[in-house]
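Below is one structure, written out as structure tokens, with a few remarks after it.
No lab work stands behind these numbers, since they all come straight from the coordinates. This is a predicted model, so every value here is computed, not measured. Heads up, the Cβs are rebuilt from the backbone with ideal geometry, glycines too, and the neighbour counts pull from every protein chain shown.
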Amino acid sequence: MQLMKYCVLAALIGALVGTNQARAANLLANPGFENPVTTDGYPFVGSWEAFNGGAGTSSNNSATTPRSGAMDLGLSILNTANTFAGAFQDVPNLVAGQQVTFSGFHMTSSNPLDLTSEVRIEWRTNTNNDATSTEVSRTANINPVAGFGQYTPFSLTATVPAGATVGRAVYAIQTFSGGPTHNGILFVDDTSFDVVPEPATIGLLGLGAIGCVSLGRRNRRG
């Protein structure tokens, strides 16, 4: 009986450790935008690259209303139609067939918020992360609505396609649709890009626990 208790306890501890490791495996650098976003081109691994459509738009670090820490990402479009602003980061060394999740939190101080948020993952080749990188495909955009005055979560889960080794996590706002003011300010914070644990791994932990129970029963009969 004592052996079975120890064995089951060990299996449960292993499962908890495995779960915590999976949750801790955030592959994004600077997930809370505490360090400055960049606008200097390649490489896009290890930092967020900000982009915008020019006059009336901005994408930069903000200390206005961070969810945690001292900074967040501030995006704005001021009364300008058919434009955009956002930031992206490349995550290298992915393997086809892996399931990944890009998630985070966003909020707006604008009421109404007269623009559209877009979240997607662009699948690319080339772990060298240079100008020879090419796009394989991309997920469809999801359009989460940011909370007014409080952060709300967004999340996109997808499978790495054949031929891709890099996932480009993109958060953007745009005014190609909607109206009439095409105006808004939005903040993003506490982002994450994780590889989802494979069911087989979780199954092995369960089998280990079952094996321990069986061993304990055999010892009792002996």
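Overview of results
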{"item": "Burial ranking of peptide ranges 51-60, 134-143 (average Cβ count within 10 Å, highest at the top)", "result": "51-60, 134-143"}
{"item": "Around Val37: net Lys/Arg minus Asp/Glu count, Cβ-Cβ under 11 Å", "result": "-4"}
{"item": "Computed lengthening from Tyr42 to Ala96, 0.36 nm per intervening residue step minus Cα-Cα distance", "result": "17.1 nm"}
{"item": "Between region 57-89 and region 160-197, the Cα center-to-center distance that results, in Å", "result": "12 Å"}
{"item": "Cα-based Kirkwood hydrodynamic radius, region 27-196, one decimal, Å", "result": "16.0 Å"}
{"item": "Principal axes of region 75-140: Cα extent on each, largest first, Å", "result": "42, 25, 18"}
{"item": "Ranked His182, His106, criterion: other C-beta atoms within 10 Å, fewest first", "result": "His182, His106"}
{"item": "Cut-off 18 Å, label 7 Å out along Cα→Cβ of Ala81, residues of region 147-176 by amide N", "result": "174-176"}
{"item": "Gly46 long-range amide H proximity, modeled H, under 5 Å", "result": "Ala29, Asp90"}
{"item": "Farthest toward positive dipole pole in region 27-196 [+1 Lys/Arg, -1 Asp/Glu at C-beta], among Gly179, Gln99, Thr57", "result": "Gly179"}
{"item": "Peptides 67-73, 118-124, 38-44 ordered by average Cβ neighbours within 10 Å, highest first", "result": "118-124, 67-73, 38-44"}
